[in-house]
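Peer 1: Sharing a structure here in structure tokens format.
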Amino acid sequence: MCYNILMFYIVGLGNPGEEYELTRHNTGRLALAEFIKNNKVELEFNKKLNALADEGKLKKAPSTKLGTGKFQVIFPEGFINKSGLSLKPIVNQIVRKKNVYPVGKRIASFGAENLIVVHDDLDLPLGRIKISFGKDSAGHRGVESIIKNIKTKNFIRVRVGISPATPSGKIRKPDSKKVIDFIIGKFKPAELATIKKESKKIAAAIEMIIKEGLQKAMSVCH
């Protein structure tokens with residue numbers, strides 16, 4: 001029997017506090033700006049999750065086998081390397097079988113597979129967006145924390161590039177000794193403008209996931 005997805009959980013990774021607001025490691029939060037604006041999301045502190053959160057429903061979202069268009073946006077308020085603690089209370093039953101959404105039958109109304117995590121990615125050039133499912137953390141501490149706490153990597157990730165690139169598109173990742181300074185460093189104005197521009201594509205991609213499924217969104221955003 002296939003169950004409807006009752007809710008999608010959209011997580012913007014980053015560090016709390018004004019000092020980190022416009023840093024590269026807060027790309028997950030910044031990249032959700034357009035989605036939040038379009039859907040009139042009003043984030044408030046949720047003590048149970050230790051996160052800023054709000055629920056909503058997509059406009060004109062049809063009731064389909066994917067659900068009814070309901071979602072919850074979550075910004076964990078612990079530091080990024082403890083992000084998973086905010087999601088642990090939500091994931092009350094993890095689907096461990098291989099044939100899970102988006103390709104198979106469901107055995108629970110909610111498993112980690114309708115969790116959408118938006119985060120910065122050093123392996124992609126600035127502004128490039130890539131959607132993945134069931135991948136390892138690739139060293140991202142926030143993603144590592146989520147995998148550790150919900151005990152599965154079978155969730156959706158919207159990866160947003162932050163690395164500079166040459167005119168030919170070759171990535172110029174910072175030296176390993178300078179990675180921390182780079183990711184907690186603030187975006188330059190032109191870089192921030194790129195992220196804000198890409199947030200429109202990210203909003204469209206997330207809405208496509210909710211309305212039409214992951215595979216459709218991955219085919220468009222790759």
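Peer 1: Pick from S145, S132, S168: which is modelled with pLDDT under 85 and hydroxyl-bearing (S, T, Y)?
Peer 2: Checking each option against the conditions leaves just S168.
Peer 1: Could you say whether any residue in the stretch 203-215 is assigned to a strand (DSSP E or B), under 16 Å from T27 (Cα atoms) and at pLDDT 90 or above?
Peer 2: no
Peer 1: Can you pull out every residue in the stretch 156-175 that is open to solvent by less than 100 Å² (accessible area, probe 1.4 Å), out of contact with any Cys (no Cβ under 9 Å at 6 or more places or on another chain) and closer than 21 Å to L13 by Cβ?
Peer 2: Passing the criteria: I156, R157, R159, V160, G161, I162, S163, P164, I171, P174.
Peer 1: If I filter the stretch 49-58 for residues that are in contact with a Gly (Cβ under 8 Å, 6 or more places away or on another chain), in a loop (DSSP other than H, G, I, E, B), at pLDDT below 95 and under 22 Å from E198 (Cα atoms), do I get at least one hit?
Peer 2: yes
Peer 1: Continuing with this model, one more query. Return yes or no: is K82 open to solvent by 30 Å² or more (accessible area, probe 1.4 Å) and at pLDDT below 95?
Peer 2: No.
Peer 1: Moving to a separate point now. For the list (1) buried (at least 17 other Cβ atoms within 10 Å of the Cβ); (2) within 23 Å of C221 (Cα to Cα); (3) at pLDDT 90 or above, I need the number of the one condition that D123 fails.
Peer 2: (1) is the only condition that D123 fails.
Peer 1: For the stretch 176-193, which positions are surrounded by 18 or more Cβ atoms within 10 Å (Cβ to Cβ) and in a helix (DSSP H, G or I)?
Peer 2: Passing the criteria: only I183.
Peer 1: Select, from K211, K170, the only residue that is touching a residue at least 40 places away in the same chain (Cβ under 8 Å) and out of contact with any strand residue (DSSP E or B) (no Cβ under 6 Å at 6 or more places or on another chain).
Peer 2: Within the list K211, K170, the selection yields K211.
Peer 1: In this structure, is I131 in a strand (DSSP E or B), over 29 Å from E18 (Cβ atoms) and touching a strand residue (DSSP E or B) at 6+ places or on another chain (Cβ under 6 Å)?
Peer 2: Considered against the rule, which asks whether it is in a strand (DSSP E or B), over 29 Å from E18 (Cβ atoms) and touching a strand residue (DSSP E or B) at 6+ places or on another chain (Cβ under 6 Å), I131 comes out as yes.
The values are calculated or read from the model by the stated rules, or taken from the named source; none is laboratory data. Treat the numbers as computed from the prediction; the structure is a model and nothing was measured. FYI the Cβ positions are ideal-geometry reconstructions off the backbone, even for glycines, and counts take in every protein chain you see. Ligands, DNA and RNA are stripped out before the accessible areas are found, and what is left, the full protein with its side chains, is counted by its heavy atoms. Shrake-Rupley method; radii C 1.70, N 1.55, O 1.52, S 1.80 Å.
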